[in-house]
Structure formats: C-alpha cells, structure tokens
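Undergrad: What follows is a structure written as structure tokens; I'll ask about it next.
Read the figures in this text as sums done on the coordinates, not as results from a lab. Everything numeric in this text was worked out from a predicted model, so none of it was measured. With ideal geometry, Cβ positions are generated from the backbone for all residues, glycine too; neighbour counts draw on all protein chains shown.
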Amino acid sequence: DAKTTQPTSMDCAEGRAANLPCNHSTISGNEYVYWYRQIHSQGPQYIIHGLKNNETNEMASLIITEDRKSSTLILPHATLRDTAVYYCIVRVGARGLTFGKGTHLIIQP
Amino acid sequence: DVKVTQSSRYLVKRTGEKVFLECVQDMDHENMFWYRQDPGLGLRLIYFSYDVKMKEKGDIPEGYSVSREKKERFSLILESASTNQTSMYLCASSLFAGAFNQPQHFGDGTRLSIL
C-alpha cells in the first residue's frame, strides 16, 4: 500500500466546512483512497472511498486531484461530534489496513 | 447499516489464562479481520478470514489463534495470555473476498488488560 502524508492536527469552527488534505504521491493506478475516522475509545469508522472521480455520501465529500497524488476530505458542516482522528489510506486488495498517524481534527464551538 | 459487534468493551484477565474474544457481523460479509491497536504502533493485523473455516495469518499472529465456524462469527483466542497482549482489540468485516474496493467496517473494540 502506498504511503500517505497528513497534517498532524487541524482546527475548524463548528458549522464551517472542514477540509482535510492527504498526499499520496506514490499511489499506483489500481489503488483506492479511503478515509476513516476514530473517535476516542471507539473503533474506526469508515467514511468514504474513491479511485479517480470525486465522491460524495451522507457524511462527506472526497476530492481526488487529476494526477491522483493528493486528495481532500470535506466535512461540509462540521459539528463537535466530528472531533476525531482522521486517517487517509491508499490500498488495493482485501487484506488488512494500515493506519498512519492521521490528522487530529478539533472542532471548536 | 453494517453492524459489527464485539462481545465485551472491557475485559480483565490473568496471565496464563486462555482468553476468547468474540465478534459477530450481521451483513453476510465474507471477510473478517482481527487487529490490535497500541499507542505509537497503530493498527496491526493479527489474523483474517475470507470464508468459513478459512484463516490467514496477518502481521503479528504469534500467541493468537482464530476460529470461524459460521460466516457471521469470528473468534480470537489468546492461548496463554501474557501482559504484552494488553491492548485494544478491533474486529472488522468487509463484503467480498475478491473485491478490491470494499471498505472494512469495525466494531467498537475490546480493551483487554492482562494482569
């Protein structure tokens, strides 16, 4: 699986859009970009994934650059409950996941 | 919604005991996984299974075994618990064995302490 780079931490005001970047410059053509988050003392929660096209679901949007070397997870209207560690993963295959250090997103009231 | 249920949130056991951690998923998923998560070490794969009675070793299988007698249930067994197995244990499942783009869905974890 390709390596990813994320900022260690970010702040966002409640009600604003939270934009979380991820660099994955060594991504290969068949690797998907996945986003998970983990709220303290809970299991990781799947958010969204994509290959080339931008994706949107009820939780978030995923924007992948045309060269696929970076992506951005967008939480459109952040709430206090969105405070968590967010993990960006690139992978192919159905084997185990590897989480990096992720981004600690803090939503400020 | 996918539901992955782990039998205990918190568990305390003694050194040398045989420990069973149970995981059940309700979405007819083929793949099931056991991880442990430790501060500074991230998520590490212990074992996974892509079908009933099938299992494969992950990155850190030593000291553990697994059982998958039914599709919905995947058990992790600590044969003789040791203090270095104190950790958060996470179970996950995903849909198809051969699909490359299926997300894994996690349970809430079992925080296991070995005294």
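Undergrad: From the Cα gyration tensor of region B:56-115, with a ≥ b ≥ c the square roots of its eigenvalues, which class applies: rounded if a/c is under 1.5, or else prolate if a/b is larger than b/c, or else oblate?
TA: Prolate is the answer for region B:56-115, as a/c is 1.5 or above and a/b outweighs b/c.
Undergrad: Work out the FRET efficiency for residue A:77 and residue B:79 from their Cβ-Cβ distance, taking R0 = 41 Å, and round it to the nearest 0.05.
TA: 0.25
Undergrad: Charges on Cβ only, +1 for Lys and Arg, -1 for Asp and Glu, centred on the Cα centroid of chain A; of A:90, A:61, A:49, which one is farthest towards the dipole's positive end?
TA: A:90
Undergrad: Moving on. In percent, what relative contact order does chain A have, based on Cα pairs under 8 Å that are 6 or more apart in sequence?
TA: Contact order relative to length: 37 percent.
Undergrad: Take the alpha carbon atoms of region A:1-61, find their center, do the same for region B:60-115, and report the distance between the two centers in whole angstrom.
TA: 24 Å
Undergrad: With label points built 7 Å along Cα→Cβ from the Cα atoms of residue B:27 and residue B:72, find their separation and express it in nm.
TA: For the pair residue B:27/residue B:72, the computed spacing is 1.5 nm.
Undergrad: Something else: What cysteines in the protein assembly as shown have no other cysteine with a beta carbon less than 4.7 Å from their beta carbon?
TA: Singleton cysteines: A:12.
Undergrad: Please give the per residue volume of the convex hull enclosing the alpha carbon atoms of the protein assembly as shown, rounded to a whole number of Å³.
TA: So the per-residue Cα hull volume is 117 Å³.
Undergrad: Once you have a ≥ b ≥ c as the square roots of the Cα gyration tensor eigenvalues for chain A, tell me rounded if a/c is under 1.5, and otherwise prolate or oblate according to whether a/b is larger than b/c. Walk me through the intermediate numbers first.
TA: Numbers: a/c = 1.85, a/b = 1.49, b/c = 1.24.
Prolate, because a/c is 1.5 or more and a/b exceeds b/c.
Undergrad: Ok, one more. Stretch residue A:56-residue A:17 to full length: gain in nm at 0.36 nm per residue minus the Cα-Cα span?
TA: This chain segment gains 12.6 nm when fully extended.
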